[in-house]
1. If you count, for each residue, the other Cβ atoms within 10 Å and average over each peptide, how do A:280-287, B:60-67, A:247-254, A:192-199 line up from highest to lowest?
2. How far is helix B:17-31 tilted, in degrees, relative to the longest principal axis of the Cα atoms in chain B, given as a value from 0 to 90 rounded to the nearest 10?
3. Rg to Rh for the protein assembly as shown: what is it, with Cα atoms only and Rh by Kirkwood?
4. Measure off 7 Å from each Cα along the Cα-to-Cβ vector at B:Leu184 and B:Val219, then give the distance between these two points in nanometres to one decimal.
5. Test of understanding: express the Cα radius of gyration of the range B:15-72 as a ratio to 2.2 N^0.38 Å, with N the residue count.
6. Determine, from the Cβ-Cβ distance of A:Arg221 and A:Glu164 and an R0 of 25 Å, the FRET efficiency 1/(1 + (r/R0)^6), rounded to the nearest 0.05.
7. Work out the P(r) tail for chain A: percent of alpha carbon pairs separated by more than 35 Å, whole number.
8. So what's the gap between the Cα centers of the range A:193-213 and the range A:233-289, to the nearest angstrom?
Amino acid sequence: MTDTDKLELSEKPITNRRTFLKTIAGVGLLSATPQSLLSSDTDDLLLKKFSDTGERLPVIGMGTWITFNVGNNIQTRNQRTQVLGTFFKLGGGLVDSSPMYGSAEEVLGYALDRLGRPQPSLFSATKVWTPFASRGEWQIEESHKLWGLQQFDLYQIHNLVAWEHHLQTLQQHKHEGAIRYIGVTTSHGRRHQELEQIIQTQPIDFVQLTYNILDREVERRLLPAAIEKGVAVIANRPFQGGDLFFKLARKPLPKWAGDIDCQNWAGFFLKFVVSHHAITCAIPATSQVEHMIENMGALRGKLPDSKTRKRMADYVASL
Amino acid sequence: MLELLQFSLSDMVMYSRQTYIEMMGLYNQAIWPTQVPAMALALWLLYIVLNPGRQSIRVVFLGLGVAWLWSGLVFHMRHYSSINWAAPAFGYLFAVQGFLLIAVGCFPKAPVWKAPRKWLVWVNQALFIMAVLVYPLACLLEGRTPMQLELFALTPAPTLIATFALLLFVDGHWRYWLVLIPVLWSFISGSFSWELELLEAYAVFTALLVWLMNVGSEVFRLNMRKAK
């Protein structure tokens, strides 16, 4: 049993700061968490503008791949509710999921019910991924039901699957007001040429791609294309699916990491990602409250400038 | 549809090892006390395999058919589907295999035990013992609780291994039709388990390998006989 499994699972929604602090104090996280991270003030959050309306997003979002696919296990669902509650309490906004992620959307709906609706900072993002064009409408309807939302902030086409057809469908939904923004996604560096063409030619608001301190191929063409077209960018796999920790967790964090307010590797990796001026937000996934607290540390403090970014990349490459 | 080929195996494993094991625990709780008759069936079939008789082979086919049906209709469709959207499709595959085994068990002309070489009998019996006793207990080595174990007739892996054991032990070309779904499932479940670092991968691939080696040796002997 992990520490997070020992959390006292409240029957009531976690709606206030006191309940939250009590919860994490119960697992000994409070004493280990810098006071600045526990601030629920939104004044000091790192936000990025992503649309012509001036709307802004916190630079750290949340993914749900694997972590929120826990099926019908109520105990684990409640624990994930704590993870989501921590995310919101620490200023998080964008939550990303997909029908491809098993029960993740259903578990998110459950967690949102428990936390209390509406969550004012939630920026809901999901995907359509069926290869059968005719199933797209059905899948979109299902996602609305599972999340328990009338309107999605962002609807994306998962890994470009049947994108020509789904794009038409999503535009129709956007026109009707069921969707605010449209995006396309890819991961693991796949189909970049096609993605670039879509960025250049199609009316999309967001693009999601893999970007982290070791996987930087998108810096050459995709990120410049996104800047040129005014398309917001979500970075998935900011920890390279956890591999960055396996490779580097035992290596020392450089002393100068403190200059950019990084106390741990998670903050170091995330700040590298979100400091690229094309990146709107990164979406690390976690199943642990303590890891969520670490991730959300990157939502505050200084961001590295281009000189420091180079230093960060060089340091990681040297390890 | 071809676009789905861009996804790698790790893209399709959408749950963690812990989630899978916990799902198994919830499943066992939900079906309790079905484990009791399932174990009784397992031991009965094991007794028959250790003491094969002409008519008793029907019982093994029928028992395995029920095991495939249960694993498909209850495990895959009602429980595994909570964490894997592909599980209902797996359920249909298992149901087809279950009906095929039951059909063979009910066929007027009963299948016959092969009279293979003695070492093959031992391999067959060892594989069956692995399916009903060794594999379920070995799951404890993964840190599972007794409630999270995978039992013969109730879960796919031990049912699959027992089926390979049975199909080593009978004669006739029709058995190649009966092995199509087990071979397909070996690749699916073995690959998923490999990604999740579960013992199931080793157990399933061992059973598949034993079966393939047996087929290979049969083909070799046949060719040798023709050459003479």
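1. A:280-287, B:60-67, A:192-199, A:247-254
2. Helix B:17-31 sits roughly 80 degrees off the main axis of chain B.
3. 1.04
4. A separation of 2.1 nm, rounded to one decimal place.
5. So the Cα radius of gyration is 1.43 times the expected 2.2 N^0.38 Å.
6. E between A:Arg221 and A:Glu164, to the nearest 0.05, is 0.70.
7. Value for chain A (Cα pairs over 35 Å): 17 percent.
8. 22
Bear in mind these aren't lab numbers, they're just calculated from the coordinates by the rules spelled out. Quick caveat, the model's predicted, so the values are computed rather than measured. Cβ sites come from the backbone with ideal geometry, for glycine too, and all protein chains shown count toward neighbours.
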